[in-house]
Amino acid sequence: MRRRSTEIIQKIIRDSDRTLTVRELASHYGISQKTLKNDIKEINQFLRTIPVGEIRTTEEGKLILGSDFDEDVVENYLYEMDAYMYKLSPKERQIYILMELASSQTYITMQHIAEELYVSRITIVNDMEVIKESMKSFQGKLILDSGKGMLLKFQEKERISILVELYRSIAINVENEGFFQRMILNRMEIKHSFSILFEYMQEYMKVSNLVFIEDVFYDIVLYLFVVFNFCRREGRAVTGRTPLSGIDHMILYAGHMLEVTVTEDMMKGFREYIADHKLYSFVKTVDEIELYKVIMNFVGKIDQEMNLDLVSDTKLMDSLLMHIRSIKDWGNYEVELPKEYDSSINYERLEELVSQYAYILEGFLSYHLSGNMKKSIVIHICVAIIRNRRYLPKISVVIVCPGSMATGKYLEAQIKNYFDFNIIGVLAAHEVIGRLKYNAEPVDFIISTVPIHTKEYQVIKVHPFLQMDDLNQIQRLTFQKHTLKPATMQHKTEVLLGQIRTIIEDEELADTLCKTIGGVIKEYQREKGKERVNPLMELLREDMIEIEEASMPWREAMHRAAAPLEDQGYISAEYIKKSIQNVEEYGDYIVVSRGVALAHAGREHGVYKDGLSLLVIKEGVIFTESEDPVYLLFCFACVGEEEYLELIKRIIQLGRAEGKIEEVLALAGTKAVYEYMTAE
């Protein structure tokens, strides 16, 4: 069975939950329907050898599996095929021959290979002519001896390079699903699998805080896969006395995990491979705090377009931080957005905005986000929206119509279809204001098909048949109202206990669970209240605060903000220089909330001690992108691995809390600012 036929039967097994057609598969492989039908005949010949039910083609071109078609049995037989049952293409055969020659240190006869592959000797002779031509691009020598057979002679570095290119040509991957890949791996007696090495190198990246762009990570793992399976291991082992650079530790870590001694020759070859392929420039250390601010900038752009108040969702920001740090480790992981979804979330618009502003993340991470990566970010944001809405107090609205209750009830039905509102009532236009005066229940806003003149209530005028503009108006005002009255812990607890009472039919059990959970929550809040300490108290000191009345250029402001840290030996001049370069390269990501900015760079740029300084600019500073001034410019440096995200969140909240910036600007003197900033 040929490669395409093998792939077709694998696709049929994978998609067994739906009916494939001849037309669909022919289009997928770029062949005629007649050729596809011939492939099905070949597949059926294979199925008869098992034996299981064959694949039948209907008049409409649908492919119907036999009643006794067993997917597991067929898949097992596929992987147990030999070269007699699987017809290698000429290209596959030549790769196989070259791989055998490159991995062997002894002569191999053409007859031996012909018998292995169930072809004639003359076929192998013809293949060797093609192989000799391809060998011209390598510095090795192909020896043909009529008595002994064939032998490839070349330097070890060249041999490893050939094997790397050969394994790359068969598209080896983590799953190794293709029959030809499995055949090669079995024939070459691979001891250390690609997937295991891939996992070890992912672990190393996380521990070392490294990111690789595009296919560089795959390229390095592929090289290590070849080295640990085929490299000759003569020579001295690498010891603690051997001078090492940063990336040298990758091969040492792999060797340690595989329990293989790394020799100096292996280390030398690895360094040369990295240098020859210019992989050094593609390695980047990711600073967690910088990434957090970049994510905030990215999410903030989406917020401006959709008014979702996402940036204030610390759970979302933390989950995106963890997710985006490991997003490059997925390989070919597929992500699908739901086909049916919550109608109050505009998935298409959200997906469009994530793609539009992905450059913010890509610029910092130094690699492009694939479509699947972007979809995964969309899903994270959607989960946050749904989670937050679940615990928010219901919005209370009144629906108003000109006079016909039928029109009002139809509008009510549409509203219920799109929004989870508490609808107080459907009222006629002439009576609404008078009725609401005597209504004890508070009303958030009125939805009306006619103008309502009132200063007491917000009114949204909509069409009797809701249009997209109407839905967007209602959505915007809903988010504004939720921002003004966020869900309290008490409300969230009530929602949780209500869900328990709904799910648990036994009232006594439900009461016991609710009482226990309610008690646990109260105790947790009480203990948490004791532990809560303002994180600014840990680092900020009065002598690290400066106040400036007049505005100034943003670069000068960053130098001024960092000056106390530099003067007192916390950072070097290089640190603030790098902070400024970051703004020039990535934009205003350091503006973390309204009127607040946080200058920061990686600890490798001259950090000697953990520290925090603050410049208060009463007239404000304008940065590179936004016209909104920054009044509080912090400069933060940390030398170790200690977590400071809570500190960053506290700084961010200064710009979010109503009136905080204004209160700071009204203070006189650094002592007053310090006491305000570090108050509980």
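The values are calculated or read from the model by the stated rules, or taken from the named source; none is laboratory data. For clarity, every value in this text was computed on a predicted model and none was experimentally measured. When we count neighbours, we look across all protein chains shown, and the Cβ atoms used for this are built from the backbone with ideal geometry, even at glycine.
As an exercise: evaluate N76 against (1) at pLDDT below 85; (2) part of a loop (DSSP other than H, G, I, E, B) and give the number of the one condition it does not meet. (2) is the only condition that N76 fails.
When the stretch 1-24 is filtered for residues that are assigned to a helix (DSSP H, G or I) and either of a type in the set (V, I, T) or in contact (Cβ under 8 Å) with a residue 60 or more places away in the chain (or both), the ones remaining, listed by number, are R3, T6, E7, I8, I9, Q10, I12, I13, V22. Selection of the stretch 608-656 for residues being among the polar types (S, T, N, Q) and more than 29 Å from the chain's Cα centre (by Cα) yields only S613.
Would you confirm whether any residue within the stretch 316-336 is modelled with pLDDT of 90 or more and surrounded by fewer than 20 Cβ atoms within 10 Å (Cβ to Cβ)? Walk me through it before giving the result.
In the first step, residues of the stretch 316-336 are kept if they are modelled with pLDDT of 90 or more; the result is none.
Checked the stretch 316-336: no residue is modelled with pLDDT of 90 or more and surrounded by fewer than 20 Cβ atoms within 10 Å (Cβ to Cβ).
Is one or more of the residues making up the stretch 80-91 closer than 21 Å to R14 by Cβ and of a type in the set (K, R)? Within the stretch 80-91, not a single residue is closer than 21 Å to R14 by Cβ and of a type in the set (K, R).
In the set I40, I50, I97, which member is aliphatic (A, V, I, L, M) and in contact with a strand residue (DSSP E or B) (Cβ under 8 Å, 6 or more places away or on another chain)? Can you show your working first?
Details: I50 fails: in contact with a strand residue (DSSP E or B) (Cβ under 8 Å, 6 or more places away or on another chain); I97 fails: in contact with a strand residue (DSSP E or B) (Cβ under 8 Å, 6 or more places away or on another chain).
None of the others qualify; the one that does is I40.
Residue check: K91 meets all listed conditions (1) in contact with a Ser or Thr (Cβ under 7 Å, 6 or more places away or on another chain); (2) surrounded by fewer than 17 Cβ atoms within 10 Å (Cβ to Cβ); (3) charged (D, E, K, R) but one, namely (1).
The set of residues from the stretch 343-382 being part of a loop (DSSP other than H, G, I, E, B) and either in contact (Cβ under 8 Å) with a residue 60 or more places away in the chain or within 27 Å of N417 (Cα to Cα) (or both) comprises S343, S344, I345, N346, S366, Y367, H368.
Specify which of the listed residues (A275, A254) is of a type in the set (G, A, S), free of Cβ contacts under 8 Å to residues at least 12 places away in the same chain and part of a helix (DSSP H, G or I).
Working: A254 fails: free of Cβ contacts under 8 Å to residues at least 12 places away in the same chain.
Of A275, A254, the one residue that is of a type in the set (G, A, S), free of Cβ contacts under 8 Å to residues at least 12 places away in the same chain and part of a helix (DSSP H, G or I) is A275.
Restricting the stretch 544-592 to residues that are closer than 18 Å to L614 by Cβ and of a type in the set (S, T, N, Q), the residue that is nearest to the chain's Cα centre (by Cα) is S579.
Just one of the listed residues (P451, P464) is within 18 Å of A428 (Cβ to Cβ) and at pLDDT 85 or above, and it is P451.
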